[in-house]
Amino acid sequence: MLQMSVNSGSDAAPHSAVARTLAQLPEGEAGVLDRLELPDDIARRLMELGFLPGHIIVPARSAPGGEPRVYRVDGSEVALRRETASHLILRPSNGKVSET
Amino acid sequence: MSDCHDCAGCAVAVAPALQKGARTHVVAIIGPPNSGKSTLFNRLTGLRQKVANFPGVTVEQRVGKAKMHGATNHNDVVLVDLPGVYSLNPRSEDEQVTRDVLAGTMPGIPKPDAVLLILDCTNLGRHLVLAAPILSLKLPTLVILNMADDLKSRGGHVDTAELANELGSPVALISASKGQGIEKVFQFMEGTSAGTTSLAPPRVELPVLQDIPRCRQWAHDVGTGAAYHAPAPPIWTRRLDSVFLHPIAGPLIFLIVVAGVFQTIFKGARPLMDGLQAFIQTSGQWIEHTLPPSIFRSLLVDGIWSGVGAVIVFLPQILLLFLFIGILEDSGYLARAALIADRTMAKFGLQGKSFIPLISAYACAVPAIMATRTIENKRDRLATILIAPFMTCSARLPVYTLIIAAFIADRPLLGHFFGMQAGALLGLYVLGFVAAIATARLLKSSILKTERVPFVLEMPPYRWPTLRSLGLRLIDRSKVFLRRAGTVILLVIVVLWVLENLPVKNGQPPAIADSFAGMIGHAVEPAIKPLGFNWKIGIGLVSSIAAREVIVGTLGTIYHSEGTSESVGLRKALQSDLSPGGAVALLVFFAFAMQCMSTIAVVRRETGGWKWPAIQFSYMTFLAYLCALITNEVVRSGIFT
């Protein structure tokens, strides 16, 4: 996997130990994306928006009702439905997210 | 660059703005969504722009002429605004069009002589990714770093000279909305136009373009090389989001915004519309008094003036709607509105981005259908296009107002503020909405079923809308609307007037029943009799296929009253000529039927063929007929009396 250090880490908080996908990650906690289990065209579209393996993603506010949720990724904010976010798999955390 | 001039000369079907001959210098503007591309385009061209579609596709093409200031340079610079894209991998129609234009293979558009690549410098890492495929084209390119004011105020930094060195292209740090640094863009265009700009090879090696992670890493390395320091997060955007996306305040503000838009469209536009109507009436009377009585005066006053005037009266409403949409879009609230609406829209099989087009359709389906371009998913977009004409557009209002005033007593329904007539009107709005969402469900569970619709929406930072951009938008929309009033509607009115006045008997126009229009009315009468409509309504229905509001003018002419101007007379005439069942059925018919040539035309353009408008027209007409039939039977049977 590619290691990249392009995300601003100002929002980075300790990685939740239980979150396996982006959908499970609590608001404000940083996670490192491992892979996108989505059809190729959707995955490419998300990658163009910054959802790249190795990037740090921080969930921000949700729309009222909890869906969709805004994610801070690669310097911008992108909203995804839970359905899509549950196919973005996070790296297993070992305590803290470090910016490599 | 000589080959570029050759293809400018031999291009087929050159767009009007490009027909200046071989000396025309073509510059393409390209950038990711939310980079301020349109703002720059407006800044460079002002009012000298045209909107059309790229040939064969539904992608909007904006072409304009740059206002060149250089005294030594007499070449015209034609600017082509390309769709907002993140890459040139041809997956969407937008990306394919961008690729074709840049490669010079788009028919009618000469290969660009130079490229303006606009990037948001507050997010340079991600936006620089697009520089790789653009620079690999080896066209003279100016890399424009937009939002310089934001970068500075939020404490970011970039070394433009170093970035220019690395990329081998000039770099300009600008603020398109404030006009800062625009002169550098003009200097570049003058340089390329005069042929004095030379290409330097990029110092950095370009990445493999298909590999997004590599491209992103490349962009990061280039940024680091140019001492790029990303700005702090936009504090105001986060503060505003904590209000606008608040679990309780968020939906409340959302409802207030939607209600406010409605209120202003209907109530705020009233004085303007009344003023416009008074002006049209007075000027019509003045013409009638000035010209001697003749067949031409009749055509001019009774036909054109009152008919086209009845349509132009809606201009204030449409402009107000676009003013609101413009403010919402430019400020960044529109993305939040789409986010809030997404969950509800998902229940009907649609998505948040369908919400604004559907709200716009309450003013007019034509701009609404054009606004569906923001929906990337083709099936979602098509579903939105197909249901938009069900929303109660402003053209239905004159018809509703006339029939309701004539047939529904204004008794209080909920206190003094909300009477039966208002209730009936609201009921018709609800009826259209219900038909729209029911159709959406039907479509999305059958022919337009989608497997997994990823809702991906970038949230731009909040910004102040500029008067300049709002003004340009309004001027553009007025032109579209007035063109429609001056072409389609004018044509129908003239044709109708001719049909009403032929065949001439003994030098006199015939009675309406004996005219060609009357014959058409009598011909359709057997089909519409079960709905409770007579042959006069039949003429109205046939004429309203052009545009719904035409029926008011038509009925006015038929009943020998003055149409909307003396609507009391028309009301009386209708009361004696139409049964209550027929009247309610007529309202229901207009709620569902697709009586609008402009909508049919725009659906054909946006869906790229006659198939979908044909299906849509048949479905809506069938539904209208069926529901009007049921309504007439139910009212006639006397259940409600």
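The values are calculated or read from the model by the stated rules, or taken from the named source; none is laboratory data. Computed from a predicted model, the values in this text were never measured in an experiment. Neighbour counts run over all protein chains shown; Cβ positions are idealised from the backbone, glycine included.
Here are the numbers for the structure shown:
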| read-out | value |
| --- | --- |
| Some residue of the stretch A:91-100 being more than 8 Å from chain B (Cβ to nearest Cβ), in contact (Cβ under 8 Å) with a residue 24 or more places away in the chain and under 19 Å from residue B:217 (Cα atoms) | yes |
| From the options B:300, B:291, B:276, B:315, residue that is surrounded by fewer than 19 Cβ atoms within 10 Å (Cβ to Cβ) and touching a Lys or Arg at 6+ places or on another chain (Cβ under 7 Å) | B:291 |
| Answer from B:153, B:193 - the residue that is out of contact with any helix residue (DSSP H, G or I) (no Cβ under 6 Å at 6 or more places or on another chain), closer than 19 Å to residue B:127 by Cβ and of a type outside the set (Asp, Glu) | B:153 |
| The stretch A:28-39 residues that are away from chain B (no Cβ under 13 Å), paired with ones that are buried (at least 20 other Cβ atoms within 10 Å of the Cβ) and not in a strand (DSSP E or B) (beta carbon under 6 Å, 6 or more apart) | A:30/A:97; A:31/A:15; A:31/A:25; A:32/A:97 |
| Matching helices (runs of 4 or more DSSP H) fully within the stretch B:408-518 where at least 2 residues are modelled with pLDDT of 85 or more | B:420-444, B:467-484 |
| Single residue of the stretch B:232-243 satisfying the filter (more than 9 Å from every other protein chain (Cβ to nearest Cβ) and crowded, with 16+ Cβ neighbours inside 10 Å) that is modelled with the lowest pLDDT | B:234 |
| Candidates B:66, B:71, B:8, filtered to the one that is more than 14 Å from every other protein chain (Cβ to nearest Cβ), more than 15 Å from residue B:109 (Cβ to Cβ), crowded, with 22+ Cβ neighbours inside 10 Å and at pLDDT below 85 | B:66 |
| Subset of the stretch B:180-231 [more than 12 Å from chain A (Cβ to nearest Cβ), in a loop (DSSP other than H, G, I, E, B) and at pLDDT 90 or above] | B:181, B:226, B:227 |
| Residue count, the stretch B:361-383 (criterion: in contact with a Leu (Cβ under 8 Å, 6 or more places away or on another chain), among the hydrophobic types (A, V, I, L, M, F, W, C) and either surrounded by fewer than 22 Cβ atoms within 10 Å (Cβ to Cβ) or over 14 Å from residue B:603 (Cα atoms) (or both)) | 2 |
| 3 or more residues over 21 Å from residue B:611 (Cα atoms): qualifying helices (runs of 4 or more DSSP H) within the stretch B:313-399 | B:315-331, B:333-347, B:355-360 |
| Condition check for residue A:74: at the interface with chain B (Cβ under 7 Å from one of its Cβ atoms), in contact (Cβ under 8 Å) with a residue 60 or more places away in the chain and within 24 Å of residue B:217 (Cβ to Cβ) | yes |
| Subset of the stretch B:134-173 [in contact (Cβ under 8 Å) with a residue 60 or more places away in the chain, touching a Leu at 6+ places or on another chain (Cβ under 7 Å), among the hydrophobic types (A, V, I, L, M, F, W, C) and outside any helix (DSSP H, G or I)] | B:144, B:158 |
| Residue under evaluation residue B:177, criteria (1) away from chain A (no Cβ under 14 Å); (2) more than 33 Å from the chain's Cα centre (by Cα); (3) assigned to a loop (DSSP other than H, G, I, E, B), criterion not met | (2) |
| Test: residue in the stretch B:384-403 that is closer than 30 Å to residue A:74 by Cβ, in contact (Cβ under 8 Å) with a residue 60 or more places away in the chain and buried (at least 16 other Cβ atoms within 10 Å of the Cβ) | no |
| Among (1) hydroxyl-bearing (Ser, Thr, Tyr); (2) modelled with pLDDT of 90 or more; (3) under 21 Å from residue B:34 (Cα atoms), the one test that residue A:8 misses | (2) |
| Every residue from the stretch B:273-296 that is assigned to a helix (DSSP H, G or I) and farther than 17 Å from residue B:308 by Cα | B:289, B:290, B:295 |
| Condition check for residue B:264: in a helix (DSSP H, G or I) and either in contact with a Pro (Cβ under 7 Å, 6 or more places away or on another chain) or within 10 Å of chain A (Cβ to nearest Cβ) (or both) | no |
| Extreme residue, nearest to the other protein chains (Cβ to nearest Cβ), among residues of the stretch B:74-86 that are in a loop (DSSP other than H, G, I, E, B) and either in contact with an Asp or Glu (Cβ under 9 Å, 6 or more places away or on another chain) or at pLDDT 85 or above (or both) | B:86 |
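Conditions tested, residue by residue: (1) within 25 Å of residue B:155 (Cβ to Cβ); (2) at pLDDT 90 or above; (3) part of a strand (DSSP E or B); (4) within 12 Å of chain A (Cβ to nearest Cβ).
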site: B:88; (1), (2), (3), (4): no, no, no, yes
site: B:96; (1), (2), (3), (4): no, no, no, no
site: B:102; (1), (2), (3), (4): no, yes, no, no
site: B:106; (1), (2), (3), (4): no, no, no, no
site: B:109; (1), (2), (3), (4): no, no, no, no
site: B:118; (1), (2), (3), (4): yes, yes, yes, no
site: B:129; (1), (2), (3), (4): yes, yes, no, yes
